[in-house]
Amino acid sequence: MNLSEFVQVATKNIVQFNPHNMDHLKELTRLAIDQFQLKSIVKKEEGSEYLYLASMAEENILAKILELASGKEISLEAIYNSQIIRKH
């Protein structure tokens, strides 16, 4: 499954998907991590969600998925309120 196909299927599975809703985009990120078996993870700590990025390649994949879903370039930083930890 390529990224475009994934976005089409995943956005249909998110109830009333809204590309401007940050929670929907976070859910899309989690689905992508699972679908493509990425090493990056999302953790909830102290009431906030943190995205732990395993590599620059995975960061680029997730950013491209969000771009395809929203129709515009959107940063992971904006989705996760700069709560991103890079392991690379």
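Only the coordinates and a few stated rules stand behind these numbers; no lab work does. All values reported here derive from a predicted model rather than from experimental measurement. With ideal geometry, Cβ positions are generated from the backbone for all residues, glycine too; neighbour counts draw on all protein chains shown.
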Open item on the list: Taking the criterion of being surrounded by 15 or more Cβ atoms within 10 Å (Cβ to Cβ) and among the charged types (D, E, K, R), would at least one residue in region 40-50 satisfy it?
Closed with: yes
If we take the chain, then strands (runs of 3 or more DSSP E) inside it with 3 or more residues that are in contact (Cβ under 8 Å) with a residue 12 or more places away in the chain are 48-53, 84-86
Any residue in region 75-85 that is small (Gly, Ala, Ser) and closer than 15 Å to Val7 by Cα? no
When every residue in region 5-21 that is surrounded by 14 or more Cβ atoms within 10 Å (Cβ to Cβ) and of a type in the set (A, V, I, L, M, F, W, C) is compared, the one farthest from Glu73 (Cα to Cα) is Ile14
